[in-house]
1. Just checking, how many residues over segment B:218-233 are surrounded by fewer than 23 Cβ atoms within 10 Å (Cβ to Cβ) and at the interface with chain A (Cβ under 8 Å from one of its Cβ atoms)?
2. Can you name the residue in segment B:77-123 that is basic (K, R) and in contact (Cβ under 8 Å) with a residue 40 or more places away in the chain and, of all such residues, is surrounded by the fewest Cβ atoms within 10 Å (Cβ to Cβ)?
3. I need a count of the residues in segment A:212-254 that are part of a helix (DSSP H, G or I) and crowded, with 21+ Cβ neighbours inside 10 Å.
4. In segment B:252-282, what count of residues is obtained for those that are out of contact with any Lys or Arg (no Cβ under 9 Å at 6 or more places or on another chain), without any contact (Cβ under 8 Å) to a residue 24 or more places away in the chain, assigned to a helix (DSSP H, G or I) and within 8 Å of chain A (Cβ to nearest Cβ)?
5. Considering segment B:44-53 alone, what residues qualify as being farther than 14 Å from B:A329 by Cβ and at pLDDT below 95?
6. Go through segment A:45-151 and tell me which strands (runs of 3 or more DSSP E), entirely inside it, have 3 or more residues that are in contact with a Ser or Thr (Cβ under 9 Å, 6 or more places away or on another chain) and within 14 Å of another protein chain (Cβ to nearest Cβ).
7. Could you tell me whether A:V249 is under 30 Å from B:L273 (Cα atoms), touching a residue at least 60 places away in the same chain (Cβ under 8 Å) and touching a strand residue (DSSP E or B) at 6+ places or on another chain (Cβ under 8 Å)?
8. What is the residue count in segment B:297-333 for residues that are surrounded by fewer than 12 Cβ atoms within 10 Å (Cβ to Cβ) and either part of a loop (DSSP other than H, G, I, E, B) or among the acidic types (D, E) (or both)?
Amino acid sequence: MSEPDATSPLLVAENISKTFPVRRSLTQVVQRAPRQRLTAVDDVSLSLHRGQVLGIVGESGSGKSTIAYCLVRLLELDSGKVLIGSEDMHAVRGDALRELRRHIQLIFQDPYSSLNPRLTVGRAVGEPARVHNLVDRAGEAALVGGLLERCGLRPQDAARYPRQLSGGQRQRVAIARALSTSPEILIADEAVSALDVSVQAQILNLLAELQSDLGVGIIFITHQLAVISHLATDVVVLYLGRVMESGPVASVLGESRHPYTRGLLQAQPALRGPRTKQRPALAGELPSAITIPSGCRFHTRCPLVAPICREVDPVPVEVSPGHISRCHVLAPADGHVPAG
Amino acid sequence: MTSASLSDLEGAGASASGPANLLDIRQLTVGFPSRRGVVLAANHVILSLSSSRTLGLVGESGCGKSVTLRSVIGMIPKPGEVLEGEVVWHGRNLVGRNGRDVRSVRGRQITMIFQDPGASLNPVYSVGDQIAEVFRIKLGLGKKESAERTTELLRSVGISSPEKRAKDYPHQLSGGMRQRVMIAMAVAPGPELLLADEPTTAVDVTVQEQILSLLVELQQSSGMAVILVSHDLAVIGQTCDEIAVMYAGYVVERGSRDDVINSPRHPYTQALLAAELVFEPGQRRGRLDTIGGQPPDLGDLPPGCPFQPRCRYARPECAGVTMVIDRPAPEHGSACPFVEAPG
């Protein structure tokens, strides 16, 4: 990263799209059915600044993880670009790509399957730094010890194997490993979803510390709005691969201007809330990403649906500073919001 | 040892119980053999439930909530077994009964739904056939009537065009639909008690809300009792009348929903509630309260209270605690003799 300016973003994704081919059955091939594609990410733009925690939220199938994989180039893009500093992640190759990857690291959901069972904790944590030639043998041991302590483990845990650790400890190891190349950007893909409540809180605190102490930018992918409201500074709400609403957390979650976000907010289970609700906030489930609904893709489930929503795809409208929504009803292009 | 203690307990069950409770779990202890000896997944669990009530069993992974639930219908995974205690259903102990006896209750008076509907439905039968089977086998209805009742039932669990959907196979349905089908199967025989084991863990929050409202709606319209197991306190709080909190195989606290959630008595419940992510838009809370240390290792528990290594109120006397709930139901009971509810 050769970017001297402190205010420029660490990462910018510009209009990224990703589709996957859908496998046809033998009958479909014989009948010459058209080849279909599944739209996982559709024209998504986002940016991440130093010290920022950007939450990406949506139901399963909304494209959250695909975005993460595109950002680190585990998947190639159909179109758009991902800039790390000033360099395009998807345009470089060889050593230049490896150098870029040092700055962006991914933490996976399941700490049981993301760690190699045959590597000790120390080997696993030191491996990325070794691969990037950042340390020699002696330096690696010191680095690993420091990272383990930084992540709430003991330096002597380096000699243990993943199977000897609990889920929370394994996730700490995964985080230590991600930190070993001193990245500016961490992407956490449902990093606490598989953990118990008490351990989840420990890991969230650790991530919050990393953000404030090291100034790393974090992209936090989750389906839990409560996690976003605790950890994130900014949020992107995804629906069928498209950003429906985005902006500062206080604004998007506190004064949402999109019926999908509002539905997600209402669907959160409330510990002290009324025992039974009238009826669910959002009916139905996510439609197929192979045949995306016309117009606004949310119109099939939207409680506020108007005739225009079935025809015209709404454009992003800035409803307050940095807060963007795509909705004909709550964020119309002419800026007039009906009362109520 | 097992079989002897089972037959001893057989007689005691019928006489001692009052008629008030639908279900009484008494001193239930379930053990799994391991290399380090027998590990107790449920340890002298005492719970009771009267009809039309919803009981929530909450705790972290490995606390014994699922094993306790499964023991009600004799479905503890092998090689686990009930070492002690009884499960009294309508005054009759179900533990140690033979298959036919249990089957007259299981799947008819008591039914169950599971976490993963994909793995619990038969992939080679249409969902309609699977539900109709319940009517034919458990209620002895004819083919035509079974099919009609199936359609009706699918509609009542919120499945549109049920005649068409009944012909679908499980893989043709979404996760939420499959969970609805499983609920339909479970309520088909008109059970008095429905056991639900993490029914919304595998689905999205929007579908979770739909499934929970459906459960509450069915419970209220049919008057069946429900035991809901979840690791999610908010799910339990939103759905249940009574809550039992489990830790390392023990029930550590039990009481009405409001008592347990608003004035938790046991330090573990207090810590769990403090660690819960409460959704507050626009208020970044920074640090969350955490429960220090690691989840318990059932094969290596300290003497006395299993929570003491992580408890902020721990003291030497904790090693002598017997883990008995101090007040009889329906009072608000805790297994900690030292700590009271704050305030």
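The values are calculated or read from the model by the stated rules, or taken from the named source; none is laboratory data. Here the structure is a predicted model, which is why all the values come from computation and not from measurement. Positions of Cβ are generated from backbone atoms using ideal geometry, with glycine treated the same way; all protein chains shown enter the neighbour counts.
1. The number of residues fulfilling the criteria is 3.
2. Checked segment B:77-123; the qualifying residue surrounded by the fewest Cβ atoms within 10 Å (Cβ to Cβ) is B:R92.
3. 10
4. Selection size over segment B:252-282: 1.
5. Of segment B:44-53, the ones farther than 14 Å from B:A329 by Cβ are B:44, B:51-52.
Across segment B:44-53, the qualifying residues are B:S51, B:S52.
6. Correct list: A:53-57.
7. Yes; evaluated as a whole, the condition is true for this residue.
8. Keep residues of segment B:297-333 that are surrounded by fewer than 12 Cβ atoms within 10 Å (Cβ to Cβ), which gives B:300, B:303, B:312, B:315-316, B:320, B:322, B:328.
Subsequent filtering for residues that are either part of a loop (DSSP other than H, G, I, E, B) or among the acidic types (D, E) (or both) retains B:300, B:303, B:312, B:315, B:322, B:328.
Of the residues in that region, 6 qualify.
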